[in-house]
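For reference, the structure is listed below as structure tokens.
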Amino acid sequence: MHFFSCPTTLSGYDNTCIFVVFGMLWGLCCAYKAFFYAYTKKNAIIFTKLSTKSSTFAYSKLNISKMKQIVPYLLFFSCLLNWQNSFAGNDKNSLGARAGALGGASVTFADAFSVFANQAGLAQAQSLQIGLFAENRFLLKDLSSYSLGVAIPVQKVGAFGVGVNYFGNAAFNQQQISLGYGRLLFEKLSMGVSFDVHNYSIAEYGSKAIFSFGIGLRYNLNAKLAIGAQVSNPLRQQLTEDREDIAPSIIKLGGAFTPSDRVTFLVEAEKNIDRNMQFKAGIEYRPIDMLYLRGGISTEPNSFSAGIGCQLNPITIDLATSFHPVLGYSPQLSIIFKGKNKATASTPQDPKK
């Protein structure tokens, strides 16, 4: 099993640039045919695959006749999606409709999805939490994502987390399974780690699984200000022997400022080692105890988001949508169930509570 790479960045003046320019010219010449080809059910795998963060990967065990048909469209859509900075990629590090409404700024969160966003957030779990999340990316069924997140606090030990994510369709999909653990190290500092399995599958060509891990930190400066940091796949796990076939390595740093129990401001910077820095910002306002109003923005590319949350103890329901100026809307829904509060010596209080 082997992958071949399509160019996904325009950095450097090397042979890759020549290849990309050639691909753009070729793609523009057959644009009409390309779009028609991509949206047919028979060839949905091409658009779906290139609309994910692993869009640089495809199996090379294709025969010559198939290669002649596919290569022009791969080049065209690769260049098109690169121009969009691959916004269609599946960001499995910012799951949950609350995060989606806040521009993806979630590294300081402490909820059922912390096993994805920042494992250190698990240490703040005061009770059992179970979260379900669904997203319909750009209103395309083939770009749907479904996730399960669980936080399980254990008295005097810390908290464990379990996360499962599925993205794609039968033709091409990605799955992730994460097992995490978070614990309070000092009075205000917590740390977490997760062990992850990522599986990439393409119909008729098989699948490829890799193992990675993530590390997160969270520090409460005071009752109103918290900062968080996370590193995912720091060893840059490779999908194949080709040195360019590397799973994304991501570094995040952010903060949450809560001047009152009604308002929270969030900012975050995210760096995919192979892409430009992305900045995120959001604001959360609680006009009444059970209702949350949210809005956010993010860069690379510029997008906007908004959403609401309704706290109906023991269930919290969050709705959100993000808007990309070219690709359109991405509605999201998450539901989180929280058990009875069981604070332990190893779990600091969330500054929001």
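Tell me which of these residue 266 doesn't satisfy, since it passes every other one: (1) under 25 Å from residue 132 (Cα atoms); (2) surrounded by fewer than 20 Cβ atoms within 10 Å (Cβ to Cβ).
Every condition holds for residue 266 apart from (2).
Give the residue, chosen from 159, 203, 125, that is within 18 Å of residue 338 (Cα to Cα) and either out of contact with any Leu (no Cβ under 7 Å at 6 or more places or on another chain) or outside the structural domain of residue 331 (by TED's automatic domain parsing) (or both).
Working: 159 fails: either out of contact with any Leu (no Cβ under 7 Å at 6 or more places or on another chain) or outside the structural domain of residue 331 (by TED's automatic domain parsing) (or both); 203 fails: within 18 Å of residue 338 (Cα to Cα).
Going through 159, 203, 125 in turn, the sole match is 125.
Restricted to the range 167-182, and to residues that are surrounded by fewer than 18 Cβ atoms within 10 Å (Cβ to Cβ) and part of a strand (DSSP E or B), which residue is farthest from the chain's Cα centre (by Cα)?
The initial filter retains those residues of the range 167-182 that are surrounded by fewer than 18 Cβ atoms within 10 Å (Cβ to Cβ), namely 169-170, 175, 177, 179.
Okay, now just the ones that are also part of a strand (DSSP E or B), so 175, 177, 179.
Numbers: 175: 12, 177: 13, 179: 17 Å.
Among those residues, the one meeting the criterion is 179.
Report the residue count in the range 91-150 for those that are in a loop (DSSP other than H, G, I, E, B) and either hydrophobic (A, V, I, L, M, F, W, C) or within 24 Å of residue 170 (Cβ to Cβ) (or both).
Just the residues of the range 91-150 that are in a loop (DSSP other than H, G, I, E, B), to begin with: 91-96, 102-113, 118, 125-128, 140.
Those left that are additionally either hydrophobic (A, V, I, L, M, F, W, C) or within 24 Å of residue 170 (Cβ to Cβ) (or both): 91-92, 95, 102, 105, 107, 109-110, 112-113, 125, 128, 140.
Total satisfying the criteria: 13.
The values are calculated or read from the model by the stated rules, or taken from the named source; none is laboratory data. Computed from a predicted structure; not experimentally measured. Cβ coordinates were reconstructed from backbone atoms using ideal geometry, including for glycine residues, and neighbour counts include every protein chain displayed.
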